[in-house]
Amino acid sequence: MHIMTFTAFTCSLVLSVFQPAMAAECSAKSGAQIVQLLELYTSEGCSSCPPADKWLSGLKLDTSNADSQKVVPLAFHVDYWDYIGWKDRFAKADFSERQRKTAAFAGAGFVYTPQFVLNGRDFRSANDSRLNQAINNSQKQTARANLSLNTVTQANGETTLQATATAVNPADIKNAQVFIAIYENKLVSLIKAGENNGRELKHDYVVRAFFGAYPFSDKNAFAKNFNLKPEWKGKPAGAVIFVQDAKNGDILQSLQLPFCS
């Protein structure tokens with residue numbers, strides 16, 4: 001396990017918003033129970049990270065419809081190990097900052113890799129039975145947000161991702177924040193320096209773009225369109241929307257939509 005202490009810093013994201021297009025390709029809507037969000041904080045420069053990456057890739061997930069979703073995985077590659085010899089091409093400072101904020105919710109003064117976070121809380125072991133137990137427990141919890149994702153293909157080959165969210169309980173609106181992640185699967189890197197020098201690393205659910213935090217409107221609603229360039233079409237990729245309590249880090253609901261081929 002690699003550990004690093006931290007100080008807070010801020011970052012910003014710029015997002016282009018586009019008008020709705022014409023015909024939907026695929027869509028998903030969240031159900032009545034909470035679907036757990038499983039975050040992995042990892043780095044190609046960390047020698048203890050490949051087993052965690054492999055475990056995440058090996059999760060048996062049914063994403064055929066929203067009702068079958070039990071857990072939504074995302075891999076955030078952090079940049080704070082880049083200095084030790086290998087620059088992770090998937091790493092972003094924004095992801096390192098998100099991990100630091102997660103640690104702050106728990107009162108921790110350090111971050112480490114690999115780290116799993118389940119529904120906003122540190123999840124110490126990559127263990128199938130423990131994860132299944134947590135998933136079974138979540139099936140007893142009523143969702144605190146209703147989510148939807150929809151993709152529309154434009155005539156120029158671009159794809160518009162339409163995302164919506166509403167809070168179930170009015171009391172949640174004040175602290176609720178919406179996040180959108182675009183992830184990619186079946187990524188491979190040949191590492192040529194650092195702790196993993198000479199290894200071929202394989203990754204899935206890698207966050208390639210991350211948008212938010214967005215507040216709910218006065219009407220208890222969130223709706224925004226995101227434009228994806230033509231090169232995303234046909235890739236083994238997808239989108240995730242989740243709502244998080246900004247005060248304590250709790251995940252109100254999450255939803256995954258693999259892109260249609």
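Listing for the model above:
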{"quantity": "Residue 133 vs. criteria within 30 Å of residue 220 (Cβ to Cβ), out of contact with any Leu (no Cβ under 6 Å at 6 or more places or on another chain) and either surrounded by 14 or more Cβ atoms within 10 Å (Cβ to Cβ) or modelled with pLDDT under 90 (or both)", "calculated": "no"}
{"quantity": "Any hit, segment 37-46, residues being under 22 Å from residue 251 (Cβ atoms), touching a strand residue (DSSP E or B) at 6+ places or on another chain (Cβ under 6 Å) and either of a type in the set (Asp, Glu) or not in a strand (DSSP E or B) (or both)", "calculated": "yes"}
{"quantity": "Residue count for segment 215-248, restricted to those that are within 29 Å of residue 187 (Cα to Cα) and either of a type outside the set (Asp, Glu) or at pLDDT 95 or above (or both)", "calculated": "20"}
{"quantity": "Complete set of residues in segment 11-62 that are of a type in the set (A, V, I, L, M), surrounded by fewer than 17 Cβ atoms within 10 Å (Cβ to Cβ) and either touching a Cys at 6+ places or on another chain (Cβ under 8 Å) or modelled with pLDDT of 90 or more (or both)", "calculated": "32, 59"}
{"quantity": "Residue that is surrounded by the most Cβ atoms within 10 Å (Cβ to Cβ), among those in segment 76-93 that are of a type in the set (A, V, I, L, M, F, W, C) and in contact with a helix residue (DSSP H, G or I) (Cβ under 6 Å, 6 or more places away or on another chain)", "calculated": "78"}
{"quantity": "Scope segment 172-199; condition farther than 21 Å from residue 51 by Cβ, out of contact with any Gly (no Cβ under 9 Å at 6 or more places or on another chain) and of a type in the set (A, V, I, L, M, F, W, C); matching residues", "calculated": "173, 176"}
{"quantity": "Set 194, 198: member being assigned to a loop (DSSP other than H, G, I, E, B) and in contact with a Ser or Thr (Cβ under 9 Å, 6 or more places away or on another chain)", "calculated": "194"}
{"quantity": "3 or more residues within 18 Å of residue 249 (Cβ to Cβ) and over 17 Å from the mean Cα position of the chain (by Cα): qualifying strands (runs of 3 or more DSSP E) within segment 86-176", "calculated": "110-113"}
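One line per residue, one yes/no per condition, for (1) under 29 Å from residue 198 (Cβ atoms); (2) in contact with a strand residue (DSSP E or B) (Cβ under 7 Å, 6 or more places away or on another chain):
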site: 93; (1), (2): yes, no
site: 114; (1), (2): yes, yes
site: 119; (1), (2): no, yes
site: 125; (1), (2): yes, no
site: 132; (1), (2): no, no
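The values are calculated or read from the model by the stated rules, or taken from the named source; none is laboratory data. The model shown is predicted, which means the values in this text are computed figures rather than measured ones. All Cβ positions, glycine included, derive from the backbone under ideal geometry; neighbour counts span all protein chains shown.
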